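As structure tokens, the structure follows; a few thoughts come after it.
Just so it is clear, none of the values below were taken in a lab; they were calculated from the coordinates. Note that this is a predicted model, so its numbers are computed, not measured. Here the Cβ positions follow ideal geometry from the backbone for every residue, glycine too, while neighbour counts run over all protein chains shown.
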Amino acid sequence: MKIQPIEDRVLIELKDDVVEKNVGGIIIPDTAKDKPNIGEVVAVGTDEDLKKIIKVGDKVIYAKYSGTEIEVDGKKYLIVTKNDILAVVA
């Protein structure tokens with residue numbers, strides 16, 4: 001299935017492969033930790049100004065509790081507006 005965001009929206013692939021341990025070596029469960037607010041851009045909407053700033057493949061930091069989370073073919077994605085994107089990671 002292909003998802004193409006419209007207007008000023010961006011489709012971000014979320015990464016869940018981060019395993020977090022504390023100093024003592026105890027693994028922290030997913031329910032007890034914050035999700036990282038960083039992901040990879042998979043698709044960009046039709047807004048021309050947005051396309052100048054954000055490109056497919058960019059890693060971006062997005063606002064906490066923003067967007068709509070979806071799951072397609074076992075991968076987790078987030079659809080956010082351009083206002084929810086805080087920075088592009090260089």
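See the values below:
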| quantity | calculated |
| --- | --- |
| FRET efficiency for V89 and I6, using Cβ-Cβ distance with R0 set to 30 Å, rounded to 0.05 | 0.75 |
| Cut-off 10 Å between beta-carbons: net charge of the residues surrounding V89, Lys and Arg +1, Asp and Glu -1 | -1 |
| Neighbourhood net charge (15 Å Cβ-Cβ; Lys/Arg +1, Asp/Glu -1) for I53 | -1 |
